[in-house]
Amino acid sequence: MRIPLYNKGLGEQVGKTAGQLSPRAGFGAFTAVGQATAQFAQTAGDIAIKFGEAEKDAETDRIFNEEYLKFSTSADDSILNSTETDTKTFETNFNKKIITPTISAIDKYNITNKQKQIVKSKLTDLFRTKLTKGKQFTFNRGQVVRSNAANKSLDFNANKLATLN
């Protein structure tokens, strides 16, 4: 018996379709969840970093305010109660008694070096202001003392001259 040949060996009669046979998921469908998770983690990390920076800034401001209050009080007391009559001596004593202890106190805080430098730089301008004020007071005090000494010397000499013929 003979086997019938369909199409006489010419191959398939039904051609392949030009498009896809089934729906195909894009690359993004498999990576979207991972990308969303990564973006969420990035956002959460950014929030944590910003929160940490805000907390550091608040702590730096707190330390500055505390040290400024201590410094300002002791500086004003030193300026008002000093007895120096020359500005060089006043400046030396002010640095030794007021500025150096303030800087040492800042170094004792458990904060970063950057925070310490921020507090010190903010206080440095205030150091200069108080030091200038103290020098003005000292100069004025010195002028009064020098004037009194000169007046006493003039009175003495005038009295001395009065006793001479």
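Would you check if residue 83 is at pLDDT 90 or above and within 30 Å of residue 102 (Cβ to Cβ)? Steps first, answer last, please.
Numbers: at pLDDT 90 or above: no; within 30 Å of residue 102 (Cβ to Cβ): yes.
Answer is no for this residue.
Looking only at residues in the range 88-140 that are among the small types (Gly, Ala, Ser) and more than 14 Å from the chain's Cα centre (by Cα), the one that is surrounded by the fewest Cβ atoms within 10 Å (Cβ to Cβ) is 104.
So, of the residues in the range 149-165 that are in a helix (DSSP H, G or I) and more than 60 Å from the chain's Cα centre (by Cα), which turns out to be nearest to residue 85 (Cα to Cα)? Outline the logic, then answer.
Taking the range 149-165 as the starting set, the residues that turn out to be in a helix (DSSP H, G or I) are 149-163.
Pick out the ones that are also more than 60 Å from the chain's Cα centre (by Cα) and you get 157-163.
Details: 157: 24, 158: 26, 159: 28, 160: 29, 161: 31, 162: 32, 163: 34 Å.
Of everything passing the filter in the range 149-165, 157 is nearest to residue 85 (Cα to Cα).
Yes or no, residue by residue, for (1) free of Cβ contacts under 8 Å to residues at least 24 places away in the same chain; (2) on the phi < 0 side of the Ramachandran plot; (3) touching a Leu at 6+ places or on another chain (Cβ under 8 Å):
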residue: 70; (1), (2), (3): no, yes, no
residue: 85; (1), (2), (3): no, yes, no
residue: 94; (1), (2), (3): no, yes, yes
residue: 124; (1), (2), (3): yes, yes, no
residue: 138; (1), (2), (3): no, yes, no
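From the set of residues in the range 42-87 that are open to solvent by 70 Å² or more (accessible area, probe 1.4 Å) and among the aliphatic types (A, V, I, L, M), which is farthest from residue 118 (Cα to Cα)? Looking at residues that are open to solvent by 70 Å² or more (accessible area, probe 1.4 Å) and among the aliphatic types (A, V, I, L, M), I get 80.
The values are calculated or read from the model by the stated rules, or taken from the named source; none is laboratory data. Treat the numbers as computed from the prediction; the structure is a model and nothing was measured. Reconstructed Cβ throughout: ideal geometry from the backbone, glycine too, with neighbour counts over all protein chains shown. All accessible areas refer to the heavy atoms of the entire protein, side chains included, with ligands and DNA or RNA removed. Shrake-Rupley method; radii C 1.70, N 1.55, O 1.52, S 1.80 Å.
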